[in-house]
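**Q** I'd like to ask some things about the structure below.
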Amino acid sequence: MSGRFAPRSRRETRAVVLESLLRSGGAFRPLIARDAQLTEASISRILTELRGEDIIEEIRRPAPYVGGPTALVTLSKNIAIAGIELSNDRLSFGIGDLAGTIDYVERMPASPQLKQSEFERLFGNCLATMTQWTGKRGISIRQAALSIPGYSSANTNPIFTWDMKRLRAFLAEVLEGVPLSITNSVIAQAAFHRYSSTAAYPIEGDHLFLFVGHGVAGVVVNETAPIDTFSPFELGHMVIERNGHACRCGHKGCLEAYTSLKAVSKIIGIAESEVLHQGDGFIEALDLGDDIRTSLRERLFLLGLGLGNALNLHPVSSVVISGWPSLMPVGDRDAILEGLDESLLGGFDQDRLKLSFIAPSIGNDPQAALYYAAYCFVRGGGLEAKAEPQAALGENA
Ligand SMILES: [Zn+2]
């Protein structure tokens, strides 16, 4: 069809429809048509095709208004995808559906300085267990995603200094044809917040998404752009204290060494594994004494200091923070603003910079990678990679 966009291939049209369903968690036909900028007739044809392939399902619902549609379109629960995360000093494998339901999880401890050969051994073991599980149930994985801290498409990784060519060759060999996308951990986190329905995202529009977890990283999110086009940046490895605390990257005084979940777990005297076990309620469950609270505020101040420096290099007018700072009492979070005020050019001004917080879902790895896999599946239009040689060669919708 004509319109604002150039004609799309069949794959692209299916991708637009499926992405709209992934974002909304389910919608009525007129809304999908509007979202995808397609006629209801085109939508009808595509939905019939997708239903025939068991990629979507339609559920009878009371009409939202008199004479309105009665079939709610959702993504099918029969598409199995896999999310794999190297995070929180463990390698996590998960299988779930496009709606974020996880049916299988295995987590194995991984060293913070994991060598490539050790990763391969660990990955092979986890994959074997997972394959046994899928084999018993006759499940085939349609899309997998692996998230790694520090990963970039530039083929270098300062955190895990592995040979990326060898990594891809290894994964292609052991996965035996299962499509796999590799991404940076913070992009997987951004996918989780974009597509999961667990919490309303606090803002609309372009912004910096800052993840403060086992690592600290950011990504500038353009709301209208595909999530795999974002460039992550490793805010956590900004040195804020010369000869300061040792960081896993080999340097001293990195922001991560002061503000990561691991650093916080030392302050509160609870092992990081226990924090991961408790999840987002871990701060609430604590009796924060004055000393601990003062220390945590100091770390929030440093986070603000680092964030301000990052924003001096890449100015944006809105920041969303996901991580333990999001769980702190509002008054304590003001320490971030104090830090920002000391480093941000012109100081902190709430009319120029909006700061929002979103709950991080601590310890739920590999949920984020699973959402990234769902995104990759819909982006491909739900078509087998080999079924259509090139999206650009596909028929127009
Ligand atoms: Zn570092």
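**Q** Please verify whether the stretch 240-256 includes one or more residues that are over 11 Å from GLY306 (Cβ atoms) and within 21 Å of the chain's Cα centre (by Cα).
**A** The answer is no; no qualifying residue exists.
**Q** Also, quick follow-up: For the stretch 134-147, which positions are surrounded by fewer than 24 Cβ atoms within 10 Å (Cβ to Cβ) and aliphatic (A, V, I, L, M)?
**A** Listed by number, the residues that qualify are ILE139, ILE141.
**Q** Another one. Among (1) in contact (Cβ under 8 Å) with a residue 40 or more places away in the chain; (2) within 16 Å of the ligand (Cβ to nearest atom); (3) part of a loop (DSSP other than H, G, I, E, B), which single condition is PHE348 missing?
**A** Of everything listed in (1) in contact (Cβ under 8 Å) with a residue 40 or more places away in the chain; (2) within 16 Å of the ligand (Cβ to nearest atom); (3) part of a loop (DSSP other than H, G, I, E, B), PHE348 misses just condition (2).
**Q** Would you point out the residue of the stretch 341-363, among those that are touching a helix residue (DSSP H, G or I) at 6+ places or on another chain (Cβ under 7 Å) and over 19 Å from VAL221 (Cβ atoms), that is surrounded by the fewest Cβ atoms within 10 Å (Cβ to Cβ)?
**A** Per the criteria, the residue is LEU345.
**Q** Are there any pairs with C-beta distances below 7 angstrom linking a residue in the stretch 69-85 that is within 17 Å of LEU50 (Cβ to Cβ) to a residue that is among the basic types (Lys, Arg), with the two at least 6 apart or on different chains, and if so which?
**A** Pairs found: PRO69/ARG29; ALA71/ARG60; LEU72/ARG61; VAL73/ARG29; ILE79/ARG142; ALA80/ARG142; ILE81/ARG142.
**Q** Mind listing whichever residues of the stretch 102-130 are out of contact with any strand residue (DSSP E or B) (no Cβ under 9 Å at 6 or more places or on another chain), of a type outside the set (A, V, I, L, M) and either within 30 Å of ILE55 (Cβ to Cβ) or in contact (Cβ under 8 Å) with a residue 60 or more places away in the chain (or both)?
**A** Once the filter is applied, which keeps residues that are out of contact with any strand residue (DSSP E or B) (no Cβ under 9 Å at 6 or more places or on another chain), of a type outside the set (A, V, I, L, M) and either within 30 Å of ILE55 (Cβ to Cβ) or in contact (Cβ under 8 Å) with a residue 60 or more places away in the chain (or both), the stretch 102-130 yields PRO112, GLN113.
**Q** May I ask you to verify whether LEU303 is within 16 Å of the ligand (Cβ to nearest atom), in contact (Cβ under 8 Å) with a residue 24 or more places away in the chain and touching a strand residue (DSSP E or B) at 6+ places or on another chain (Cβ under 7 Å)?
**A** yes
**Q** Sticking with this one: So which helices (runs of 4 or more DSSP H) stay within the stretch 192-279 end to end and still have 3 or more residues that are away from the ligand (no atom under 16 Å from the Cβ)?
**A** 261-268, 272-278
**Q** Check THR161, THR131 and return the single one that is surrounded by fewer than 18 Cβ atoms within 10 Å (Cβ to Cβ) and within 30 Å of SER265 (Cβ to Cβ).
**A** THR161
**Q** Quick one: is ILE182 under 24 Å from PHE123 (Cβ atoms) and away from the ligand (no atom under 16 Å from the Cβ)?
**A** yes
**Q** Within the stretch 58-72, track down each residue that is at pLDDT 85 or above and under 15 Å from ILE43 (Cβ atoms).
**A** Of everything in the stretch 58-72, those that are at pLDDT 85 or above and under 15 Å from ILE43 (Cβ atoms) turn out to be GLU58, ALA71, LEU72.
**Q** For the stretch 157-191, which residues satisfy the criterion of being part of a helix (DSSP H, G or I) and among the hydroxyl-bearing types (Ser, Thr, Tyr)?
**A** Residue satisfying the conditions is SER185 alone.
**Q** Another question, if that's okay. For the stretch 310-328, state whether one or more residues are modelled with pLDDT of 95 or more, over 30 Å from GLU223 (Cα atoms) and buried (at least 21 other Cβ atoms within 10 Å of the Cβ).
**A** For the stretch 310-328, residues modelled with pLDDT of 95 or more, over 30 Å from GLU223 (Cα atoms) and buried (at least 21 other Cβ atoms within 10 Å of the Cβ): absent.
The values are calculated or read from the model by the stated rules, or taken from the named source; none is laboratory data. Since this is a predicted model, take the numbers as computed values, not measurements. Quick reminder, even Gly has a Cβ in these numbers, built from the backbone with ideal geometry, and neighbours come from all protein chains shown.
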